[in-house]
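A quick write-up on the structure given underneath.
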Amino acid sequence: MADLIILLIALLAIAHGYLLTGLVVERASFPARLAAGAVVGLALLAWLGLLAALAGGLNRATIAATVALLAAGTLALARAVPRDRVSLSGLFADRWGVAYYAAWALLLTWLFGRVMSFDAGGMRTAPANNYGDLPFHLSVITSFAFGENLPPESPIFAGMKFTYPFLVDFLTAFFARVGAGWPAAFFVENLTLALALVGLVEVMTRRLTGDRLAARLAPVIFFFNGGFGFLNFFGDLSQAPAGWLRLLTGLPGTYTINAELMLGATVVPLRWGNIFTTLLIPQRSLLFGLPFAALIVTLWWMALGGGAGARERRRYLLAAGALAGLLPMLHAHGFLAVMLAGGAMALLFWSRDWAAFFLPAMTLAAPQALWLSGTQVRGRLFEPHWGWEADDAPVLLFWAANAGVFILLLAIALLGRSLIPARLRRFYLPFALWFVVPNLVLLAPWAWDNIKMLVYWHLASCPLAAAVLAACRRGGARRAAGALALVALTLAGALDVVRALSPVENLALYDAADLRVATLLRERTPPRAIILHAPIHNSVVTLTGRQSFMGYPGHLWTHGIDYEGREAEVTEIYRGGPRAAELLRRHGVDYVVIGPSERARLAPDEAFFARYPLIVDEAGYRVYGVGN
């Protein structure tokens, strides 16, 4: 029943967003409005839910107030928006379009249906890249749903302000508090935003190029991205005695990331990664960031591409500014990318109308920026770092291996005057910053995280690459060349998606005993408790909503948190003795977990902890209450 309720709430949010599009754009297709409405509606649901929860906690009363406010707004919009702008007529007129989106929906359902699953053995996840990230997101989500973590503190480093863009996880927590099961709480949000992103990539491409075929190709290019790593597949195939079909059901490795490609005598690292397997599923905030960026790029083009009157231009820029202003807590790198390109765009297409963009963007973003400021990450931001992840490989060769055909098509689009209008080429220039800047400086403590801006460059460039491929439909030789280019663009990414859908990447994350212990911990400890445990990524504490004294170093490091001193204290506490008792008091630790990981990694003095009350004794776990 609760799963049905969250679906109805999501549909209400989508309807609200759908109607909002009628205030901004007079003429748009139903699919375009639906895709935009889904993203904007869910973002507003998350924002309204957060503001209500900050005032009164995340509970039934604030959830009901959020839904009631959204419903009232939807009714008001239904009366205010002219009906001809939001008509459902022609919904199924494009039969090929229906089949196209049905195929996408099936693929996305299969992919996102594997993000979290349960069997007799416990909780599992796929693809493999989600094995490290999902426990972090669960610690965030459970901290909101069960830990009363408002205003938010870091769930993985007790006592520190939480400055991660958490709204995508807050919305999952919102659905969980309604009573939905974990798989449904994830799935409804993930599927809706991912399918909307497919639609918005198509809409953006259709607006920019005016070409329907290019618009249909662009999502394929975007989601199945990859470089020349597929060449390694043919090497694997030559060594597979059972043939290609058996190989596809258990591919030995990935072809877009965490691999190497030999180009002549040079070893080139493959780091580009597939959008599905390395970003959208494990890096959940991009489910909001990317569709928001696609909407903003589309609105910019509608304002600047020609044909818009002064009033329309200001309205489009105002809407783009409002979307940009909502971005920092949805995806901070997305906000940085949009404002960087927006500044360059304003210089290239200067008019006073840009005030309609920057005023709402900065007004809405300012309090979020204030909250996000003051982190330890700033010490490494914008340090020089040449070539992103090229390491010792020549940068040009690195990018040729990782995204060569894509960059070639982009160059053809920009240099071939007959393919792309001059105004569109000029419009594209600011988006080149989304490629140049991440290849020059660090935008995060971990250099690979620069991909969080590079992926926006990929998004903005796909329409131009798709336009080149679409132009190849004229003439037999060109058609063959275009088909070959499309295969080279997408084969490595498609292979990684096939691997992500195979049993090879369906990994056990928590066993049944972990789930039982986590439930007991949540039942027997107060919501704001601080718990000490081994600093592993999938501790049972990540499922409880309680704060970790210190979480997984891999997560802490990528967030720029200086954890070394606390890591030494964790080891010292587990050794027991007077110093351990003093550290527990100083840091306000309430509970200590001694389980299989703690015994294997930290050799705890269990006799020392036996003096404290035993809170949980289950499946090899002992949890002691050490608070005053």
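General observations
- Output for the stretch 386-413, where each listed residue is part of a helix (DSSP H, G or I), in contact with a Ser or Thr (Cβ under 8 Å, 6 or more places away or on another chain) and aliphatic (A, V, I, L, M): L397, L410
- Residue within the stretch 297-306 that is surrounded by fewer than 24 Cβ atoms within 10 Å (Cβ to Cβ) and either without any contact (Cβ under 8 Å) to a residue 60 or more places away in the chain or under 30 Å from F136 (Cβ atoms) (or both) present: no
- Filter pass, T558 being among the β-branched types (V, I, T), over 30 Å from W182 (Cβ atoms) and surrounded by fewer than 20 Cβ atoms within 10 Å (Cβ to Cβ): no
- Considering only residues in the stretch 92-151 that are acidic (D, E) and assigned to a loop (DSSP other than H, G, I, E, B), the one that is farthest from V498 (Cα to Cα) turns out to be E148.
- Residues that are part of a loop (DSSP other than H, G, I, E, B) and at pLDDT below 95, drawn from the stretch 228-250: Q239, A240, P241, A242, G243, T249, G250
- For the stretch 152-183, a residue qualifies if it is touching a strand residue (DSSP E or B) at 6+ places or on another chain (Cβ under 7 Å) and part of a helix (DSSP H, G or I), and exactly one does: P183.
- Helices (runs of 4 or more DSSP H) (entirely within the stretch 544-628) containing at least 1 residues that are touching a strand residue (DSSP E or B) at 6+ places or on another chain (Cβ under 7 Å): 564-575, 606-609
- Subset of the stretch 561-571 that is among the charged types (D, E, K, R) and surrounded by 15 or more Cβ atoms within 10 Å (Cβ to Cβ) - its residue that is farthest from the chain's Cα centre (by Cα): E569
- Selection count where residues are hydroxyl-bearing (S, T, Y) and more than 16 Å from L464 (Cβ to Cβ), scope the stretch 191-244: 2
- Flag if I275 is β-branched (V, I, T) and out of contact with any Ser or Thr (no Cβ under 8 Å at 6 or more places or on another chain): yes
- From T142, T209, T205, residue being farther than 30 Å from L414 by Cα and β-branched (V, I, T): T142
- Enumeration of residues in the stretch 13-32 that are modelled with pLDDT of 95 or more and within 23 Å of W104 (Cα to Cα): A13, I14, A15, G17, Y18
- Residues in the stretch 126-153 that are over 22 Å from D514 (Cα atoms) and crowded, with 24+ Cβ neighbours inside 10 Å: 1 in all.
- Candidate set: the stretch 518-538, residues that are in contact with a helix residue (DSSP H, G or I) (Cβ under 7 Å, 6 or more places away or on another chain) and small (G, A, S); chosen: the one surrounded by the most Cβ atoms within 10 Å (Cβ to Cβ): A518
- Of everything listed in (1) free of Cβ contacts under 8 Å to residues at least 60 places away in the same chain; (2) over 28 Å from P527 (Cα atoms), the single unmet condition for H16 is (1).
The values are calculated or read from the model by the stated rules, or taken from the named source; none is laboratory data. Please read all numbers here as calculations on a predicted model, not as lab measurements. Neighbour counts run over all protein chains shown; Cβ positions are idealised from the backbone, glycine included.
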